[in-house]
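Reading through the structure tokens given below for one structure.
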Amino acid sequence: MKLKETPLKDCYIIEPSIFEDERGYFYEKFNEKKFEELTGLNGHFVQDNISKSSYGVVRGVHLQKGEHAQAKLVSCLEGRVFDVAVDLRKDSETYGQWFGIELSAENKRQLYVPRGFGHGFSVLSETAVFSYKCDNFYNKEAEGAIAWNDPDVGIDWQIPLEDAILSDKDKHSPSFKEEQFL
């Protein structure tokens, strides 16, 4: 397992060690002890979620607020996505900045998104199956979101904007300036 820093403080790319031969491949997707050694962070996750989406779907930018905030370890199990993390921690030197990376079944990369961040992704392939490991349980009352196309954040979702498929909730998310992140 290799850890790479992103431009956002505490947000990391994790690349597994992959062992391949004529039979296929094997890799360790997650190891709590190694994760904690590499990051110095708590690697205890309590909830796993899976979503399946088609090309052009944009999910995000979502967050859980306050005591229900979640750190996430995300990966793409099938297909390709452009995954995005937005630093929403007001005391952070990277507040309001975003980072994006392609996650795919082929590259097997994961992105660690810390608590206090917004998260989302766009689907680049015909379909994609996406995995989220969360370190806190989901709480509907603690939901938050910022508009996927907010010009103050300026995310490039790597798809034509006219191809974006959104939920009703995501179509009406508040702007970065309107959302209360606490």
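All of the numbers you see were taken from the coordinates with simple rules; none came from a lab. Nothing here was measured: the structure is a model prediction, and the numbers come from that model. For neighbour counting, all protein chains shown are included, and Cβ atoms are generated from backbone atoms with ideal geometry for every residue, glycine included.
Using Cβ contacts closer than 10 Å as the measure, can you line up D83, D21 from fewest to most?
D21, D83
Give me the Å³ per residue figure for the convex hull around the C-alpha atoms of the chain.
So the per-residue Cα hull volume is 118 Å³.
Of the chymotrypsin sites (Phe, Trp or Tyr not before Pro) in region 90-168, which ones lie in a loop per DSSP and count no more than 15 other C-beta atoms within 10 Å?
Sparse-neighbourhood loop chymotrypsin sites (Phe, Trp or Tyr not before Pro): Y95, F137, Y138.
Looking only at GluC sites (Glu not before Pro) in DSSP loops with at most 12 other Cβ atoms within 10 Å, what is the longest site-free stretch of the chain?
With GluC sites (Glu not before Pro) excluded where exposed in loops, the chain gives 29-92 as its longest stretch.
Rg to Rh for region 72-121: what is it, with Cα atoms only and Rh by Kirkwood?
Across region 72-121, the Cα-based Rg/Rh ratio is 1.03.
According to the square roots a ≥ b ≥ c of the eigenvalues of the Cα gyration tensor, what is the shape class of region 109-182, taking rounded for a/c under 1.5, prolate for a/b larger than b/c otherwise, and oblate for the remainder?
Here region 109-182 falls in the oblate category.
Pairs K29/K169; K108/K171; K65/K108; K52/K177; K2/K108: which are spaced more than 23 Å apart, C-alpha to C-alpha?
In this structure, K29/K169; K108/K171; K65/K108; K52/K177 exceed 23 Å between Cα atoms.
Using the Karplus curve 6.51 cos²θ - 1.76 cosθ + 1.60 with θ = phi - 60°, work out ³J(HN,Hα) for each residue of region 148-161 in order, rounded to whole Hz, and write x for Gly and Pro.
4, 10, 4, x, 6, 8, x, 5, 9, 7, 6, 9, x, 4
Determine the dipole magnitude for the chain: charges of +1 sit on the beta-carbon of Lys and Arg, -1 on that of Asp and Glu, nothing else is charged, the reference point is the Cα centre, and the result goes in debye to the nearest 20.
It works out to roughly 300 debye.
Exactly which trypsin sites (Lys or Arg not before Pro) in region 3-96 are in a DSSP loop and have at most 11 other Cβ atoms within 10 Å?
In loop regions of region 3-96 (DSSP not H, G, I, E or B), the sparsely surrounded trypsin sites (Lys or Arg not before Pro) are R23, K90.
What ranking of D170, D163 emerges when the number of other C-beta atoms within 10 Å of each C-beta is taken as an exposure proxy, fewest first?
Listing D170, D163 from fewest to most nearby Cβ atoms yields D163, D170.
Determine, for L38, L73, the number of other Cβ atoms within 10 Å of each Cβ, and report the residues in order from fewest to most.
Ascending Cβ contact count within 10 Å gives the list L38, L73.
What translational diffusion coefficient, to the nearest whole µm²/s, does region 1-47 have by Stokes-Einstein, given a Kirkwood radius computed over alpha-carbon pairs, a temperature of 10 °C and 1.306 mPa s viscosity?
Result for D is 131 µm²/s.
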